[in-house]
Amino acid sequence: MAKEQEIDPDTADGVWAVTTRTSTYLLDFGEMTLLRAPGVGSSGDEAWAVSRLRRDSEDIPLLGVKSCRVGESAQFWVRAADDPDVRTWRITTPVVMIERIS
């Protein structure tokens, strides 16, 4: 797996693992899905609580990446899995590692 410093907003292929202070996100640009695994890979730092979000550990439709860079909060544009008319941002805790899986 190749470690990267960021995911370019124009990225259109590959599967990526983004580890934040509190969770790991899997982005699949082939399927255009985002999966959040809360607590996986977290730093264990008590200053960062793991929040529970709707559709955790489920694939949700990924519409795009506004920003995803080590040291900053990532911003993912997603569609609600149960209502195609609802779109929202997923904004993460600071990113600590980005890996391209495939």
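The values are calculated or read from the model by the stated rules, or taken from the named source; none is laboratory data. Just so we're clear, the structure is a prediction, and the values are computed from it rather than from any experiment. All Cβ positions, even for glycine, are placed from backbone atoms using ideal geometry, and neighbour counts span all protein chains on display. Note: areas computed on protein heavy atoms with side chains; ligands, DNA, RNA excluded. Shrake-Rupley method; radii C 1.70, N 1.55, O 1.52, S 1.80 Å.
Only residues that are out of contact with any Phe, Trp or Tyr (no Cβ under 9 Å at 6 or more places or on another chain), under 30 Å from Q5 (Cβ atoms) and loosely packed, with under 14 Cβ neighbours inside 10 Å were counted across region 67-89, and they come to 2. Residues of region 52-59 include at least one that is open to solvent by 80 Å² or more (accessible area, probe 1.4 Å) and in contact with a Ser or Thr (Cβ under 8 Å, 6 or more places away or on another chain).
For L26, are the conditions met, namely being open to solvent by 20 Å² or more (accessible area, probe 1.4 Å) and modelled with pLDDT of 95 or more? Considered against the rule, which asks whether it is open to solvent by 20 Å² or more (accessible area, probe 1.4 Å) and modelled with pLDDT of 95 or more, L26 comes out as yes.
Looking only at region 29-44, residues that are buried (at least 16 other Cβ atoms within 10 Å of the Cβ) and more than 21 Å from A81 (Cβ to Cβ) come to 2 in all.
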